[in-house]
There are 2 protein chains.
Amino acid sequence: MNAAGRHLIAELEGCEPRLLSDVAALRRHLEEAARTAGGTVLGSQFHRFDPIGASGVVLLAESHVSIHTWPEWRYAAVDVFGCGARMVPAAAVRHIATALRASDIRWLEVTRGVSPEGPVPPWRHERRVGVGRPHVMEVAARAPESR
Amino acid sequence: MNAAGRHLIAELEGCEPRLLSDVAALRRHLEEAARTAGGTVLGSQFHRFDPIGASGVVLLAESHVSIHTWPEWRYAAVDVFGCGARMVPAAAVRHIATALRASDIRWLEVTRGVSPEGPVPPWRHERRVGVGRPHVMEVAARAPESR
């Protein structure tokens, strides 16, 4: 094993604003997303902000999923950290994007951890994200879920 | 406001192994780290793995702090997401690194969010992290805490 896991930092844009303050639904979406991605939910913490917005974190046996929302920007900041070969963090990001009706997602994949035998792996970035010109990946009906 | 916040992805290496499975202490360290950095704790979730290792997330009014540990590698994966001008995520990372007696930390800073008026900001990385040759920042007695 060369890495502790993969950590996806995802920007969800063009979300449906009313969905971004509904903490009960957000909790359900994140927990479902984690299971869809092969994760095991250990617990979660969510908070509704006044007047709008929400934050939540779901702790997994494989690490975590988090969300912080800005309904006024139709924006949600998501991160999914998954360790182990079974978990597919990108599937969790896509599940959440679909649930929030995001028009676009951008993400950055960071390989976490160290090898006990080799050198520390360098930071790696998804090729989809170009410096100064972020790649926009459509999450539309044309793009089937990877589930 | 051009960004929702700053998200630090931090690798803590050379930690004291016995500290990495003590969930009560880890919870205290993360909550203290969040407050040190100017954050407000809303709640937390921690889990102790068998036989070793732990995971935890602290939900903040300003986003979150998380930790996942691999005592066998003397390694902890930390991330600190802080929104708002008051919070200084780097101070939280340094606090945790000191508490776990990490010999080295590496981090990546990602600017999160979108501007409601301008284009989406590109991904940005701390200059301390070089591709293929990760910069190692010492956390030693010589490097005073920024607190």
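The values are calculated or read from the model by the stated rules, or taken from the named source; none is laboratory data. Please read all numbers here as calculations on a predicted model, not as lab measurements. Ideal geometry is used to build each Cβ from the backbone, glycine not excepted, and the neighbour counts take in all protein chains shown. Heavy atoms of the whole protein, side chains included, go into the accessibility calculation; ligands, DNA and RNA do not. Shrake-Rupley method; radii C 1.70, N 1.55, O 1.52, S 1.80 Å.
Counting only protein chains, not ligands or nucleic acids, how are B:11, A:16 ordered by accessible area (probe 1.4 Å), most first? Before the final figure, lay out the partial values.
Details: B:11 0, A:16 55 Å².
Listed by decreasing accessible area, they come as A:16, B:11.
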Interchain or sequence-distant (5+) residues whose placed amide H lies within less than 5 Å of the amide H of residue A:4 are A:112, A:113, A:114
Mean other chain Cβ within 10 Å across A:77-84 is 4
Within 10 Å of the Cβ of an average residue in A:6-13, the count of other chain Cβ atoms is 3
In whole angstrom, the spacing between the Cα centers of region B:8-54 and region A:61-84 equals 19 Å
Highest mean packing first, using Cβ neighbours within 10 angstrom, the peptides B:99-108, A:83-92, B:62-71 sort as B:62-71, B:99-108, A:83-92
Net charge near residue B:28 (other residues with Cβ under 12 Å of its Cβ; Lys, Arg +1; Asp, Glu -1) is -1
Here region A:10-17 yields Karplus 3J(HN,Hα) values (6.51, -1.76, 1.60; θ = phi - 60°; whole Hz; Gly and Pro given as x) of 10, 10, 9, 10, x, 6, 6, x
Chain A to chain B by rotation: the residue of A with the beta carbon nearest the axis and the rounded distance in Å are A:57, 2
